[in-house]
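Below: the structure, in structure tokens.
Every read-out reported here was derived from the displayed coordinates using simple, explicitly stated rules and does not represent laboratory data. Keep in mind the model is a prediction, meaning the values are calculated, not measured. Counting neighbours? That spans all protein chains shown, and the Cβs are built from the backbone with ideal geometry, glycine included.
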Amino acid sequence: MLVSYLSECRICKSDHLENVISLNEQYITSRFPLYGDFSTPKTSIVLCMCKTCGLVQLRETTESSELYEYEYGYRSGISNTMREHLKLYKEEICSIVNLKENEIIVDIGSNDSTMLQYYGNKYRRIGVDPTGKQFKEYYGEVELLPNYFTFDNFTNAFGSIKCKIVSSISMFYDLPDPVQFAKDIYNILNDDGIWTCEQSYILTMIKTNSIDTICHEHLEYYALHQVKEIADRAGFKIIDVKFNDCNGGSFRVYFAKNSCELYHENTTLINEILKEEREHGIMDMDGKVYFDFMTKCEEQVSYLKNFIETVNSNGKKAYVYGASTKGNCLLQFAELNETHMKYAVERNPNKVGKMTSTGIEIISEETMRESPPDYLLVLPWHFREEILVREKEFLNAGGQFIFPFPHFEIIGSKPKLLITGCDGMISQYVKEKFIDYNLYGISRSSKKYEKNITKFIFDMNDYNVLEHTLSMVKPDIIVHMASISSSQYAFQNPIETINCNGLLTASLCDIIHKKDWNTKLFNASSSEIYKGHIDYQVKEDDHNMFHLHPYSIAKTMGHNIVEFYRKTYGLPFSNGVIFTTESPLKSSQFLLNKIASHIKHWKNGNKTALTVGNLDSYRNILHASDVANAIHMIISQEKGDSYSICHEESHKVYDLVVKLYSLSGIDLERKDNTLFDKITGLEVVIIQDIQLGFDSTPTNIRGEAIKLKGLGWKPLSSIENILNELV
């Protein structure tokens with residue numbers, strides 16, 4: 001039979017079991033078959049909780065032969081982090097135990113004997129592991145029992161020897177009968193010997209959302225409550241407990257026989273840990289802590305799935321990094337296969353040419369480096385620091401790592417900058433300017449994807465989607481450019497404008513504040529918020545905002561909500577009051593670009609006159625590249641502030657229109673409200689008061705960029721350069 005169904009607790013034998021976690025049916029997670037071979041059996045991964053002793057355990061036990069007697073995927077000695085961990089573990093053991101020459105050390109679940117090698121050959125070292133025969137080349141003088149540990153198997157191989165140290169590392173949770181296992185260790189241990197075990201700690205698993213700890217091999221998920229229950233039943237006392245970050249969070253327990261007077265039970269420490277476990281709900285028999293755990297895990301997995309889909313929709317590549325047993329669990333739960341990621345990258349040469357449980361082909365690190373992807377999804381995420389050091393070249397070349405746990409995170413060598421309205425005119429220059437950042441963008445509808453930015457396409461007025469997206473990226477900086485920019489459209493659609501230009505800014509501020517991020521925010525405010533003054537000099541930090549127009553009302557709201565969050569909570573939020581901005585990339589619905597388009601058609605033979613509105617206003621005009629430079633300088637500051645982004649002088653719109661035609665060889669003369677071509681006498685421009693439905697009184701709103709100038713900024717493009725570029 002492939003599996004056996006659990007009807008009673010593996011510790012206390014109670015039949016009061018309740019299912020609390022389900023990862024559904026999965027291929028056996030410890031196997032890495034040849035690429036294309038899907039013959040690996042599937043069994044359910046369901047955890048139940050014993051309502052008597054609180055042990056969380058697999059409901060179904062897969063036959064050991066299916067888990068360990070095929071080629072086993074994990075080897076300790078490959079990881080620098082694990083080698084160092086085991087070395088320090090050995091040193092800690094030796095600081096507790098007075099080990100004498102030729103005394104016997106046994107490591108159960110010895111894998112490739114990395115732990116035992118650190119003791120040296122002064123002692124008799126025995127490894128017990130059914131997978132050990134595939135690692136025999138690494139054992140050297142270490143003895144190997146390539147079988148499951150039981151008292152009978154051990155004594156049949158080595159007789160009635162007694163051991164000074166027995167260790168069982170990352171395997172105690174793999175046992176169908178942990179109490180009998182502990183009793184068997186008791187029977188091979190010296191009376192003054194020490195048994196130590198280390199395994200994942202269920203409270204840490206919960207805190208770090210480590211759903212990938214749950215797999216076919218791990219039959220039990222321990223808190224100290226259950227380990228003490230086993231110790232009490234097997235005749236042991238707990239003399240010490242230590243916690244570490246190994247495998248995403250483990251706890252290390254040292255046991256001595258109850259009869260041993262050399263060591264004393266550390267009751268103070270034990271009681272403190274048991275108290276904390278109770279406070280976190282580990283012993284609450286309603287199972288709520290595990291239901292909540294699944295909710296949080298599903299949230300992190302949803303970030304992962306959605307981000308991988310976004311990467312693919314952007315025409316970018318993501319590969320798996322590290323084909324691990326835990327990773328097989330995550331890939332299956334998240335339903336990520338070779339349609340999402342073409343390759344899995346692995347340093348163990350024995351796995352190359354095989355595949356993950358979901359069919360992703362495994363390639364070597366060397367092959368990956370010949371043509372690296374944009375992103376690497378790290379399955380052995382608990383080796384984070386080692387991986388970031390090893391793959392520094394990948395990071396420096398612009399690659400980014402995806403860490404699924406403890407919280408979904410994207411890591412690169414450069415800070416992350418997210419641009420809202422990333423396809424807008426100023427945003428195009430922001431993308432060019434901010435090459436020292438990993439760029440992300442949000443666009444409402446554009447499907448135009450670009451090499452140097454990863455875009456999300458959705459309506460930002462959906463708060464939940466916005467929060468989800470920001471939580472995926474966790475940007476260091478947000479440059480908020482998204483806006484309804486047409487005055488006429490804003491006038492006709494006031495509610496949409498208030499939502500987009502006002503409430504959206506509030507949503508960004510709220511999310512950053514609520515999440516307690518240190519994200520810097522730049523908000524593209526507008527000089528239009530002062531336009532109701534007609535003739536006005538805008539000062540720095542000018543609160544005298546006035547203009548009865550939906551665009552300006554909404555922008556005023558956005559501006560002031562940024563000021564509120566900065567001044568109330570000390571957040572690094574900045575407003576940039578941007579005056580009229582031009583470039584050839586601006587839409588032809590705006591005046592100067594409309595004129596430039598008309599000139600082009602005129603010179604191509606289309607002599608139809610262009611009708612425009614009043615040209616008597618004055619405009620303070622900047623090139624979009626100068627605005628991008630200003631934004632770069634603003635977000636480089638440690639603290640937030642409010643800045644005017646403007647030129648030193650203003651120009652009458654009428655003069656700019658005439659100048660544009662003149663630069664194209666079309667000289668105009670005015671008669672009443674019509675501009676004629678001096679040479680042909682044809683009507684070129686007709687000026688009329690277009691009834692837009694809102695006050696279009698000519699204005700002259702001026703400003704001075706005092707703060708920005710103090711930082712060393714100045715506009716580089718003159719009005720002449722701007723006009724020449726347009727035509």
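General observations
- As a rough footprinting exposure proxy, the listed residues Cys215, Cys53 were ranked by other beta carbons within 10 Å of their own, and the order from fewest upward is Cys53, Cys215.
- Stokes-Einstein diffusion for the range 416-726 at 20 °C, viscosity 1.002 mPa s, with a Kirkwood radius from C-alpha pairs, works out to 105 µm²/s.
- Considering the chain, its Cα convex hull presents a mean projected area of 37.8 nm².
- Inter-site label distance for Glu137 and Glu60 at 7 Å from Cα along Cβ, in nm: 3.6 nm
- Extension gain, Asp284 back to Asn266 (0.36 nm per residue minus Cα-Cα distance, nm): 4.0 nm
- Peptides 547-557, 507-517 ranked from most to least packed by the mean count of surrounding Cβ atoms within 10 Å: 547-557, 507-517.
- The alpha carbon convex hull volume per residue for the range 3-69 rounds to 85 Å³.
- Local electrostatic count, Val241, Cβ distance below 14 Å [Lys/Arg +1, Asp/Glu -1]: -2
- Bridging of Lys714 to lysines at a Cα separation below 20 Å is possible for Lys431, Lys433, Lys539, once same-chain residues fewer than 8 apart are set aside.
- Degrees separating the helix 463-473 axis from the principal Cα axis of the chain, which is the longest one: 60 degrees
- When only Cα pairs below 8 angstrom with a gap of at least 6 residues are kept, the chain shows a relative contact order of 9 percent.
- Gained length - Asp245 relative to Asn464, 0.36 nm times residue gap less alpha-carbon distance: 75.5 nm
- Highest average first, the peptides 524-535, 595-606 ordered by how many other beta carbon atoms sit within 10 Å of their residues are 524-535, 595-606.
- The separation of the range 277-320 from the range 577-592, counted between C-alpha centres, amounts to 44 Å.
- For Leu723, the shell of other residues with beta-carbons less than 11 Å away shows a net charge of -3, using +1 for Lys and Arg and -1 for Asp and Glu.
- The lysines within cross-link reach of Lys100, meaning a Cα-to-Cα straight distance under 24 Å and a gap of 8 or more places when in the same chain, are Lys87, Lys90, Lys122, Lys162, Lys164, Lys237, Lys257.
- Label-to-label distance for Asn258 and Thr295 is 4.2 nm, based on points extended 7 Å past Cα in the beta-carbon direction.
- Of the residues Ile553, Thr52, Thr268, the one whose Cα sits farthest towards the positive end of the charge dipole of the chain is Ile553 (charges of +1 on Lys and Arg Cβ, -1 on Asp and Glu Cβ, taken about the Cα centre).
- Crossing angle, helix 653-663 versus the chain [Cα axis fit, 0-90 degrees, rounded to tens]: 90 degrees
- Gap separating the Cα centres of the range 322-399 and the range 614-632, nearest whole Å: 47 Å
- Helix 267-279 axis, angle to the chain major axis (alpha carbon atoms, nearest 10°): 50 degrees
- Of Ile206, Phe408, Asn396, farthest towards positive along the dipole that unit charges on Lys, Arg, Asp, Glu beta carbons give the chain: Asn396
- Rounded to the nearest 20, the size of the Cβ-charge dipole of the chain about its Cα centre is 1420 debye, with Lys and Arg at +1 and Asp and Glu at -1.
- Highest mean packing first, where packing is the average number of other Cβ atoms within 10 Å per residue, the peptides 375-383, 309-317 line up as 375-383, 309-317.
- The distance from the alpha carbon centre of the range 105-142 to that of the range 509-567 is 67 Å, rounded to a whole number.
- Taking a straight Cα-Cα cut-off under 23 Å and skipping sequence neighbours fewer than 8 places away in the same chain, the lysines within cross-link reach of Lys42 are Lys305, Lys326, Lys342, Lys351, Lys354.
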